[in-house]
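The numbers here are math on the coordinates, done by the rules we state, and not lab data. Since this is a predicted model, take the numbers as computed values, not measurements. Because the Cβ atoms are built from the backbone with ideal geometry, glycine has one as well, and the counts that use them run over all protein chains shown.
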Ligand SMILES: [Zn+2]
């Protein structure tokens, strides 16, 4: 079995869980260690002309043997200029880490990134088997690299096609054979076979991910996932065809994933609303190939609670009217233009302070909770101008019982924004709108306790945290 030294930097993935002290005694309470992730110290060395492994090891105050183990070096005389070496921590120094695995990462990969062994991780986390690693669910790891985050391994994946050799692959990417051999811990150039996945250590923006089968790329935009998040999924497959997939909630709700061509592959947006059940979800992605079906990729992942609160609204709600209105609007929300129309980060649609945030559960007149606040409320006077956050097409502009004067803009790819309790409309159904174009004025129509704008953002009907869209460009 091929040994691959793959290390990743996923500082963002570090869970914020407090690290638990590892040495426990019977009666003293366990002192929680600082919950801040330990700052990443790059512990890599690029081999320069004339350097030996002994010289480098001495320079960093570690043993040559530790360097050999950390880098899977079989013959220490075979270093080459430009080779990247992982510097292990000095003897005995072990840094505890909490690490949330990405999709496709298995215990071998995670262990190598930390200079740990799969057995240690299994033991520390009481895992039932090496297959019980769940994307996004933090694992406790004893790191021997001197850092609580795994190192960086930039590069692309390349799957060896019939007729290709190490020589042709390295020529294709303008690299030496030695560089590819080192990146993949290959001991001789005959160890390359058709269907093998190689890490090409090229100046790629992205980190290399090991995934099974003929998948070239399979990535989620953010981890860990929490209630209210928008997640972008990107996939690339070696053979032509069209991907499809779905996610399944812990309670068994099935949500289809709708892919669109993007770059060399396909991309999809998934919305997790505030009532998304925290726990283990399942993801399955396959594809209809031109010649044969694509390999199926299946994994579990965690959706975490966002800790939303409860808002008590001192007015009566009409639950039946709410249900009728939601059903009516949902038919509109899922009828989106497949192509994305927006080109930039969304702009805030109104200047005004926030009076109620997204996601809190709602109790009307102290009644039972059956709804969450699907968007953000902004204070405003009657007549306050309201702007489109991005390019789109107006798909609804009419009066509704609860939402009052309501406007909905379709931004494509399942993304729609809604504007409620309006005073007047500046656009009509079918109009295309530009970023910051005035589309309406604020008001106090429908079920409302005063002049305000309710703004929400839907992904194929799921109401997500709109603020995320003001912070970054999706997908
Ligand atoms: Zn609202």
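Table for the structure above
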quantity	calculated
Region 270-320: mean projected area of Cα convex hull, nm²	6.5 nm²
Highest-first arrangement of 407-419, 47-59, 362-374, where packing means the average Cβ count within 10 Å	407-419, 362-374, 47-59
Computed lengthening from residue 345 to residue 320, 0.36 nm per intervening residue step minus Cα-Cα distance	5.4 nm
Expected-Rg normalisation [2.2 N^0.38 Å, Cα atoms] applied to region 331-464	0.99
45, 465 arranged by Cβ crowding within 10 Å, fewest neighbours leading	45, 465
